[in-house]
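Here is the structure we will look at.
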Ligand SMILES: Nc1ncnc2c1ncn2[C@@H]1O[C@H](COP(=O)(O)OP(=O)(O)OP(=O)(O)O)[C@@H](O)[C@H]1O
Ligand SMILES: [Mg+2]
């Protein structure tokens, strides 16, 4: 985000410039520049794929360049049932170590146990000690620099983290703290405790559609091919100016599609994504199901699940997942959402299956709700050890058991 020309230097992601959001970028910049606690929070909201994370990240990049202390979390849908997973992400990293020694021992211990940095030797963590520890950390960090508490996809923040943060924020003055949230708006979603406590102290930034020109620029940057005016109007109309929808449409629309003929693709973004995913080979989709419950998947876990590392290649080629830092991750959380939600009643079996595949006990406790002692117990079902992936089955075909482990896992590997 440039000071003089908001948006001119902002990046949507590696190498991709942000288009058509100059006003929004100015708002975010103004929020972060403001001192004297005008508003403590800014909530970026909009439908799936409209560009919330893109702007949220631009805000983080701006804050990074303006010496904020950064506390950030990007909860995934599969993590919303894992108590304190969001809080752990927020405080993971070096920033915590700068002030931990200054907190009273019972509060420090509560935070360390919650973050799985210490054993719970003295019984369960006291909620109030934890919340006060969070308050203390933010307050101490705020002595020398402003603090940015940033949470993307706040709709998936686990309620335990939300409650703890709400307690802490109620007891913090706003002068040195900025809270930047992004939320996907969907019918029937409830407001988190964190957002409730910020009520009256935060502004909303609702993202509308991008213009035809902005979408054209986006597609040009991404695919390097200019689109005809009529095709662009068609893409804009069908996507309703939603950038992710437009990118998905551009993948499937042929360059010579008749712009006046009937729409040759599904009418909603979710259906379009689901159709694209359904075209992938069955074993690839099985692995995507595991990845959606875990957030990412490593080659080690792929092997332990009995598959060849190449099984994911069709999804990599289709840009549904990408290899990053030794893991395979979804290129966009919506792909993960579509896979995870389609699992429906089979989610429990998927989590139980993962529990048998992940070797590292800490990681298991961190990532799999069934395995964390402090987390609500989930009984293994009689199906544990088998994963049914009905979302991947063509309708009418019999259900099948998938992901049988081929070999016992290697004891030398620690990563999932
Ligand atoms: N203004 C923009 N300029 C360039 N690219 C954009 C812009 N807005 C969004 N994109 C691109 O569109 C895609 C979707 O954007 P993004 O992930 O930010 O959406 P989102 O609103 O966070 O979606 P979700 O609700 O699923 O989390 C990404 O590939 C992103 O790079
Ligand atoms: Mg997002």
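Among (1) touching a strand residue (DSSP E or B) at 6+ places or on another chain (Cβ under 9 Å); (2) over 20 Å from residue 167 (Cα atoms), which single condition is residue 89 missing? That leaves (2) as the condition not met. Are any of the residues in the range 374-381 modelled with pLDDT of 85 or more and either touching a helix residue (DSSP H, G or I) at 6+ places or on another chain (Cβ under 6 Å) or surrounded by fewer than 18 Cβ atoms within 10 Å (Cβ to Cβ) (or both)? No, every residue in the range 374-381 fails to be modelled with pLDDT of 85 or more and either touching a helix residue (DSSP H, G or I) at 6+ places or on another chain (Cβ under 6 Å) or surrounded by fewer than 18 Cβ atoms within 10 Å (Cβ to Cβ) (or both).
Does residue 288 fit the bill of being crowded, with 21+ Cβ neighbours inside 10 Å, modelled with pLDDT of 90 or more and away from ligand 2 (no atom under 16 Å from the Cβ)? Answer is yes for this residue. The residues of the range 215-235 that are surrounded by fewer than 19 Cβ atoms within 10 Å (Cβ to Cβ) and in a helix (DSSP H, G or I), listed by number, are 217, 220, 221, 222, 223, 229, 230, 233. Scanning the range 21-69 for residues that are buried (at least 17 other Cβ atoms within 10 Å of the Cβ), more than 25 Å from residue 215 (Cα to Cα) and more than 16 Å from ligand 2 (Cβ to nearest atom) yields a total of 7. Across the range 189-214, the number of residues qualifying as within 27 Å of residue 29 (Cα to Cα) and outside any helix (DSSP H, G or I) comes to 15. Would the range 114-124 turn up any residue that is modelled with pLDDT of 90 or more and either surrounded by 21 or more Cβ atoms within 10 Å (Cβ to Cβ) or in the same structural domain as residue 69 (by TED's automatic domain parsing) (or both)? Yes. For the range 293-302, a residue qualifies if it is farther than 15 Å from residue 282 by Cα and in contact with a helix residue (DSSP H, G or I) (Cβ under 7 Å, 6 or more places away or on another chain), and the qualifying residues are 293, 294, 295, 297, 299, 301.
Within the range 181-203, how many residues are farther than 20 Å from residue 239 by Cβ and exposed (fewer than 12 other Cβ atoms within 10 Å of the Cβ)? The total comes to 6. For residue 186, the requirement of being over 20 Å from residue 35 (Cα atoms), in contact (Cβ under 8 Å) with a residue 60 or more places away in the chain and in a loop (DSSP other than H, G, I, E, B) is met. Mind listing just one residue for me: the one in the range 314-333 that is without any contact (Cβ under 8 Å) to a residue 12 or more places away in the chain and more than 16 Å from ligand 1 (Cβ to nearest atom) and, of those, nearest to residue 74 (Cα to Cα)? Per the criteria, the residue is 325. May I ask you to verify whether residue 153 is within 16 Å of ligand 1 (Cβ to nearest atom) and either over 19 Å from residue 196 (Cβ atoms) or touching a helix residue (DSSP H, G or I) at 6+ places or on another chain (Cβ under 8 Å) (or both)? Yes, satisfied. When the residues of the range 321-338 are filtered to those that are within 16 Å of ligand 2 (Cβ to nearest atom) and outside any strand (DSSP E or B), the one that is surrounded by the fewest Cβ atoms within 10 Å (Cβ to Cβ) is 331.
The values are calculated or read from the model by the stated rules, or taken from the named source; none is laboratory data. What you are looking at is a predicted structure, and each value in this text was computed from that prediction instead of being measured. Here the Cβ is made from the backbone with ideal geometry for all residues, glycine too, and neighbour counts use every protein chain on show.
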